[in-house]
Amino acid sequence: MQKTRVSYIFSKLDKLILGFLKSSWKDKSINLLSILFGYFLFTNLITNYISLIRNKVFIVPILILVFEIIIRIKPSTNNKFFYLWNIFDKLRIGGIYALILEAFKLGS
């Protein structure tokens, strides 16, 4: 098959949509465990430790700032720290899910 722009776009979309299915079981399991551990960690942080802190208004923006820093320091895929960054990114996704879920629980 020729390398055209359309075939390039389709190959990128294939990697984006079905890339999770093509990865190894090790990558899948580490990603899933990182997301679940991030959810567990931040749910406990939000429910237990924020009630002990006086300035509750400042803690959530600090968490969001840490999440944004994690996003901004993404290394290239060739770098040896990419695998570690990927784990922290999945922890961040689980933490954001826990933060949003806790906000919905408090709002209802």
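The values are calculated or read from the model by the stated rules, or taken from the named source; none is laboratory data. Every value quoted in this text rests on a predicted model; they were computed, and no experiment measured them. When we count neighbours, we look across all protein chains shown, and the Cβ atoms used for this are built from the backbone with ideal geometry, even at glycine.
Can you work out which of the residues in the range 48-76 that are over 18 Å from I93 (Cα atoms) and not hydrophobic (A, V, I, L, M, F, W, C) is nearest to the chain's Cα centre (by Cα)? Steps first, answer last, please.
Start the filter on the range 48-76 by keeping residues that are over 18 Å from I93 (Cα atoms), which leaves 48-58, 76.
Still in the running and not hydrophobic (A, V, I, L, M, F, W, C): 48-49, 51, 54-56, 76.
Details: N48: 22, Y49: 22, S51: 25, R54: 28, N55: 26, K56: 23, S76: 17 Å.
Among residues in the range 48-76 that are over 18 Å from I93 (Cα atoms) and not hydrophobic (A, V, I, L, M, F, W, C), the one nearest to the chain's Cα centre (by Cα) is S76.
Within the range 48-58, does at least one residue satisfy the condition of being modelled with pLDDT of 85 or more and of a type in the set (A, V, I, L, M, F, W, C)?
Of the residues in the range 48-58, the ones modelled with pLDDT of 85 or more are none.
The answer is no, given that none of the residues of the range 48-58 is modelled with pLDDT of 85 or more and of a type in the set (A, V, I, L, M, F, W, C).
Please enumerate the residues belonging to the range 30-47 that are of a type outside the set (S, T, Y), touching a helix residue (DSSP H, G or I) at 6+ places or on another chain (Cβ under 6 Å) and more than 18 Å from D89 (Cβ to Cβ). Even if it seems obvious, please write down each step before you answer.
If we filter the range 30-47 for residues that are of a type outside the set (S, T, Y), which is where we start, we get 30-33, 35-38, 40-42, 44-46.
Restricting the remaining residues to those that are touching a helix residue (DSSP H, G or I) at 6+ places or on another chain (Cβ under 6 Å) gives 31, 35, 38, 42, 46.
Result: I46, single match.
Within the range 1-93, which helices (runs of 4 or more DSSP H) (wholly inside it) include 2 or more residues that are surrounded by 13 or more Cβ atoms within 10 Å (Cβ to Cβ), touching a residue at least 60 places away in the same chain (Cβ under 8 Å) and not aliphatic (A, V, I, L, M)?
On the way: elements: 5-22, 25-44, 56-72.
Result: 25-44.
Say whether the condition of being in contact with a Leu (Cβ under 7 Å, 6 or more places away or on another chain) and either of a type in the set (F, W, Y) or on the phi < 0 side of the Ramachandran plot (or both) is met by at least one residue in the range 14-35. Show your work before the answer.
We begin by selecting, within the range 14-35, every residue in contact with a Leu (Cβ under 7 Å, 6 or more places away or on another chain); these are 34.
Those still in the list that are either of a type in the set (F, W, Y) or on the phi < 0 side of the Ramachandran plot (or both) too: 34.
Yes; the residues of the range 14-35 include at least one that is in contact with a Leu (Cβ under 7 Å, 6 or more places away or on another chain) and either of a type in the set (F, W, Y) or on the phi < 0 side of the Ramachandran plot (or both).
Pairs only if they're at least six apart or on different chains, beta carbon under 7 angstrom, first in the range 95-107 and surrounded by 10 or more Cβ atoms within 10 Å (Cβ to Cβ) and at pLDDT below 85, second aromatic (F, W, Y) and in a helix (DSSP H, G or I); list them, first residue then second.
Close Cβ pairs satisfying both conditions: L99/F42.
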